[in-house]
Amino acid sequence: MTRIAIGIRIGALRTRVQTTQFKILVLDDMLISLDMSNRMRVIKMILGQQEGLTFFDDFQKIILTHDRGFYELIKRHTTSEHWKYFNFDKDESNNNPPAISEDFDWLEKAKMYLAAGKPDEAGLAIRKETENLVVKALKGLNDAANEGNYEPLNNQLNELRNKLKSDDLTRFNRLVNKNIDIDDVRKLSTDFENNDTLDANTKGRLRGLKNETLNFLIRQYEQRENHEKLLGDIQDLLKRVMNPSAHASLTTLYPGELQEAIDAVTELKAFLER
């Protein structure tokens with residue numbers, strides 16, 4: 001019934017003539033009666049994360065919920081670059097309005113904890129931010145976490161490494177299928193610049209194809225080298241900093257190592273969200 005009601009409401013919203021320049025969509029715990037898989041179908045549509053469904057791209061969206069788990073899930077599927085997150089804390093013993101405080105992402109919390117001299121809290125926040133970034137990048141490969149079935153973070157990092165390699169191959173195949181003809185490939189392996197049987201236009205096309213292909217391969221090699229090193233650094237920091245902060249451990253966490261971890265995760269965030 002909830003799904004039908006949502007479908008009718010969205011249909012009405014899409015068919016009604018919109019005359020205002022500013023459009024606001026407010027969701028006030030309307031998904032609470034749905035299970036998590038159905039909630040995510042609706043949320044991905046509202047956030048424009050389902051291919052071909054861009055109904056609400058031009059809306060200002062406000063999502064309210066009492067469900068902390070659902071709130072964290074929304075944060076996982078959004079970014080602090082485009083969204084603001086707030087906590088509303090209400091003292092039910094009086095009629096005062098709720099206290100509103102901005103809720104920062106785990107990376108910002110890690111910086112705050114480090115500045116406050118709380119190394120364990122900083123390390124745990126770094127670990128949560130890393131997991132959050134990796135799960136986002138894997139795009140559903142770890143939806144089991146929504147049900148409480150968590151994949152070890154080191155395994156997720158290995159999955160991410162494999163996905164990035166697969167993405168490299170996909171981009172190369174796209175370049176080949178789009179731009180390269182087999183006859184041109186054969187010509188590229190020859191001294192086509194000095195081939196008098198080729199006209200100037202053909203040589204120009206081959207020259208451009210050669211430059212584009214070489215530049216693409218160089219970029220891919222540099223990016224792969226960079227992300228392989230970065231993921232290796234993250235996995236090393238997982239052992240040295242993140243895991244000890246999440247378990248009963250005698251390992252001492254030093255501010256320099258925590259800052260190193262923050263810098264690495266910041267770099268990972270920039271790389272994955274580029």
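The values are calculated or read from the model by the stated rules, or taken from the named source; none is laboratory data. Here the structure is a predicted model, which is why all the values come from computation and not from measurement. Glycine also receives a Cβ, built like all others from the backbone with ideal geometry; neighbour counts cover every protein chain displayed. Calculation scope for accessible area: heavy atoms of the full protein, side chains included, ligands and nucleic acids excluded. Shrake-Rupley method; radii C 1.70, N 1.55, O 1.52, S 1.80 Å.
Would it be correct to say that Asn149 is surrounded by fewer than 11 Cβ atoms within 10 Å (Cβ to Cβ) and at pLDDT 65 or above?
Values: surrounded by fewer than 11 Cβ atoms within 10 Å (Cβ to Cβ): yes; at pLDDT 65 or above: no.
Answer is no for this residue.
Can you name the number of the only condition in (1) part of a helix (DSSP H, G or I); (2) closer than 30 Å to Lys128 by Cα that Ile4 fails?
It fails just one condition, (2).
When you check Glu267 against the structure, is it within 15 Å of Ala110 (Cα to Cα), in a helix (DSSP H, G or I) and either open to solvent by 70 Å² or more (accessible area, probe 1.4 Å) or among the acidic types (Asp, Glu) (or both), yes or no?
Details: within 15 Å of Ala110 (Cα to Cα): yes; in a helix (DSSP H, G or I): yes; either open to solvent by 70 Å² or more (accessible area, probe 1.4 Å) or among the acidic types (Asp, Glu) (or both): yes.
Yes.
Tell me yes or no: at least one residue of the stretch 126-135 is open to solvent by 40 Å² or more (accessible area, probe 1.4 Å), within 30 Å of Met242 (Cβ to Cβ) and either of a type in the set (Gly, Ala, Ser) or more than 20 Å from the chain's Cα centre (by Cα) (or both). Write out each step before concluding.
Applying the first criterion (open to solvent by 40 Å² or more (accessible area, probe 1.4 Å)) to the stretch 126-135 yields 127-128.
Remaining after also requiring within 30 Å of Met242 (Cβ to Cβ): 127-128.
Checking the rest, the ones that are also either of a type in the set (Gly, Ala, Ser) or more than 20 Å from the chain's Cα centre (by Cα) (or both) come to none.
Checking the stretch 126-135: not a single residue is open to solvent by 40 Å² or more (accessible area, probe 1.4 Å), within 30 Å of Met242 (Cβ to Cβ) and either of a type in the set (Gly, Ala, Ser) or more than 20 Å from the chain's Cα centre (by Cα) (or both).
Of the conditions (1) over 16 Å from the mean Cα position of the chain (by Cα); (2) open to solvent by less than 90 Å² (accessible area, probe 1.4 Å), Gly48 clears all except one; give me its number.
All conditions pass for Gly48, except number (1).
Does Leu64 satisfy being among the aliphatic types (A, V, I, L, M), in contact with an Asp or Glu (Cβ under 7 Å, 6 or more places away or on another chain) and modelled with pLDDT of 85 or more? Before the answer, list the steps.
Details: among the aliphatic types (A, V, I, L, M): yes; in contact with an Asp or Glu (Cβ under 7 Å, 6 or more places away or on another chain): yes; modelled with pLDDT of 85 or more: yes.
In short, yes.
Is at least one residue of the stretch 18-28 in a loop (DSSP other than H, G, I, E, B) and closer than 16 Å to Arg76 by Cα?
So the first thing to find is which residues in the stretch 18-28 are in a loop (DSSP other than H, G, I, E, B), and the list is 18-22.
Subsequent filtering for residues that are closer than 16 Å to Arg76 by Cα retains none.
No, because not a single residue in the stretch 18-28 is in a loop (DSSP other than H, G, I, E, B) and closer than 16 Å to Arg76 by Cα.
Ile32 versus (1) among the β-branched types (Val, Ile, Thr); (2) surrounded by fewer than 17 Cβ atoms within 10 Å (Cβ to Cβ); (3) closer than 18 Å to Arg14 by Cα: which is the lone unmet condition?
(3)
Which of the residues belonging to the stretch 7-17 are charged (D, E, K, R) and either closer than 21 Å to Leu64 by Cα or assigned to a loop (DSSP other than H, G, I, E, B) (or both)? Show your work before the answer.
The initial filter retains those residues of the stretch 7-17 that are charged (D, E, K, R), namely 9, 14, 16.
Those that are charged (D, E, K, R) and either closer than 21 Å to Leu64 by Cα or assigned to a loop (DSSP other than H, G, I, E, B) (or both): Arg9, Arg16.
Among Met40, Met45, which is the only one that is in contact (Cβ under 8 Å) with a residue 60 or more places away in the chain and among the aliphatic types (A, V, I, L, M)?
Working: Met45 fails: in contact (Cβ under 8 Å) with a residue 60 or more places away in the chain.
Answer to the check: Met40.
If we scan the stretch 213-223, do we find a residue that is under 30 Å from Ala125 (Cβ atoms) and not aliphatic (A, V, I, L, M)?
First, pick out the residues of the stretch 213-223 that are under 30 Å from Ala125 (Cβ atoms): 223.
If we keep only those that are not aliphatic (A, V, I, L, M) as well, we get 223.
Checking the stretch 213-223: at least one residue is under 30 Å from Ala125 (Cβ atoms) and not aliphatic (A, V, I, L, M).
Which is open to solvent by 30 Å² or more (accessible area, probe 1.4 Å) and modelled with pLDDT under 85, of Arg224, Arg240?
Selected residue: Arg224, the only one of Arg224, Arg240 that is open to solvent by 30 Å² or more (accessible area, probe 1.4 Å) and modelled with pLDDT under 85.
Suppose we filter Leu198, Leu250 for residues that are open to solvent by less than 40 Å² (accessible area, probe 1.4 Å) and either more than 19 Å from Leu169 (Cα to Cα) or modelled with pLDDT of 90 or more (or both); which single one remains?
Values: Leu250 fails: open to solvent by less than 40 Å² (accessible area, probe 1.4 Å).
Selected residue: Leu198, the only one of Leu198, Leu250 that is open to solvent by less than 40 Å² (accessible area, probe 1.4 Å) and either more than 19 Å from Leu169 (Cα to Cα) or modelled with pLDDT of 90 or more (or both).
Taking Leu238 as the residue in question, decide whether it is among the aliphatic types (A, V, I, L, M), more than 20 Å from Val134 (Cα to Cα) and touching a residue at least 60 places away in the same chain (Cβ under 8 Å).
no
Look through the stretch 183-195, keep the residues that are open to solvent by 90 Å² or more (accessible area, probe 1.4 Å) and modelled with pLDDT of 75 or more, and return whichever of them is farthest from Thr170 (Cα to Cα). Walk me through it before giving the result.
Keep residues of the stretch 183-195 that are open to solvent by 90 Å² or more (accessible area, probe 1.4 Å), which gives 186, 189, 191, 194.
Keeping just the survivors that are modelled with pLDDT of 75 or more gives 191, 194.
Details: Asp191: 29, Asn194: 34 Å.
If we take residues in the stretch 183-195 being open to solvent by 90 Å² or more (accessible area, probe 1.4 Å) and modelled with pLDDT of 75 or more, then Asn194 is farthest from Thr170 (Cα to Cα).
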